[in-house]
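Could you have a look at this structure, given as structure tokens, before my questions?
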Amino acid sequence: MKRREFGQLCASMAAAASTGTPLALASERTSYPASILHTDHNEQVTASSLEPGTPYLFFYPYISTPCFLIDLDIETRAGSSNLQDQTGEAYKWLGGVGPKRSIVAYSAICAHKMSHPAKEISFINYRHDPVTFYNKAGKTEQRQRVISCCSERSVYDPVDGARVLAGPAPQPLAAIELAYESDTGALSATASYGGDMYHRFFEKFGFRAAIEHKVGDPAAWVGDKTKIRKLSEYTGQIIKC
Ligand code: FES
């Protein structure tokens, strides 16, 4: 079964399993069964337990596809700009969740050449501190709260759907839809939308991912729970640029 078919088949499961957050539709949105975010100690992650400005890592929708979870510590607005995947398909970002709508999640697979966090090293990282880069107009720009890939210096804006601010990336990072339960603060991942790189990721890195995650099938669904940890606890060396 093709992965996208798997996602579509699971749409009703995802809708049934997710609670609290309305599942607004976005172009290219692919539902997967919901995965509850939990800690090393098997406790549910809550919005208030996240350290603002700290990048966390979890795997979704597949057991080997990494995602960033970030409390940006700033309110976000849904659909503030029109985004496009590299096929030209337009979509709107759904915005962050949580009491301040500041919690966001994105695929951590760079849309350029798929640099991603591995156990030894990560060239892609979230920077809460100011970063200087050459923007699309070729001018020097300094900005905080960016996702920066130091492989070839693509820079993404997580406050606005991970649109591309700089570098060779042809599309935003795929967005991960989160469900937030306002009464408990619990968070779940429920869908992926925008231009995802999963198929190409498995083609290029599937063998290595299977070894790193000690699994037979790196394209297996992650399950109804997915563990989060700080990026710094997963990756031995984080490259900053
Ligand atoms: S892989 Fe990220 S900029 Fe090239």
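Please find, among ALA162, ALA111, the residue that is buried (at least 22 other Cβ atoms within 10 Å of the Cβ) and either in contact with a strand residue (DSSP E or B) (Cβ under 6 Å, 6 or more places away or on another chain) or farther than 30 Å from LYS214 by Cα (or both).
ALA162
Scan the stretch 147-169 residue by residue and report those that are touching a Gly at 6+ places or on another chain (Cβ under 8 Å) and within 13 Å of the ligand (Cβ to nearest atom).
Matches in the stretch 147-169: CYS149, GLU152, ARG153, SER154, VAL155, ALA162.
Among the listed residues LEU37, LEU72, LEU83, which satisfies the condition of being in contact with a helix residue (DSSP H, G or I) (Cβ under 9 Å, 6 or more places away or on another chain), buried (at least 21 other Cβ atoms within 10 Å of the Cβ) and modelled with pLDDT of 95 or more?
Residue meeting the stated conditions: LEU72.
Residue check, SER18 against (1) more than 18 Å from LYS225 (Cβ to Cβ); (2) polar (S, T, N, Q); (3) crowded, with 21+ Cβ neighbours inside 10 Å; (4) at pLDDT below 95, all met but one. Which one?
Of (1) more than 18 Å from LYS225 (Cβ to Cβ); (2) polar (S, T, N, Q); (3) crowded, with 21+ Cβ neighbours inside 10 Å; (4) at pLDDT below 95, only one is false for SER18: (1).
Follow-up question, since we're still on this one. Among the residues of the stretch 113-146, which ones are of a type in the set (A, V, I, L, M, F, W, C) and away from the ligand (no atom under 16 Å from the Cβ)?
ALA137
Would you mind stating whether SER115 is touching a helix residue (DSSP H, G or I) at 6+ places or on another chain (Cβ under 6 Å), not aliphatic (A, V, I, L, M) and not in a strand (DSSP E or B)?
no
Same structure, new question: Quick one: LEU173 ticks every box in (1) surrounded by fewer than 17 Cβ atoms within 10 Å (Cβ to Cβ); (2) within 14 Å of the ligand (Cβ to nearest atom); (3) closer than 18 Å to THR65 by Cα except a single one, so which number is it?
(1)
Only residues that are in a strand (DSSP E or B) and modelled with pLDDT under 95: list them for the stretch 86-99, please.
Listed by number, the residues that qualify are ALA90, TYR91, LYS92.
Any residue at all in the stretch 100-108 that's within 16 Å of the ligand (Cβ to nearest atom), modelled with pLDDT under 95, of a type in the set (A, V, I, L, M, F, W, C) and surrounded by 16 or more Cβ atoms within 10 Å (Cβ to Cβ)?
no
The values are calculated or read from the model by the stated rules, or taken from the named source; none is laboratory data. All values derive from a computational prediction rather than experimental measurement. Reconstructed Cβ throughout: ideal geometry from the backbone, glycine too, with neighbour counts over all protein chains shown.
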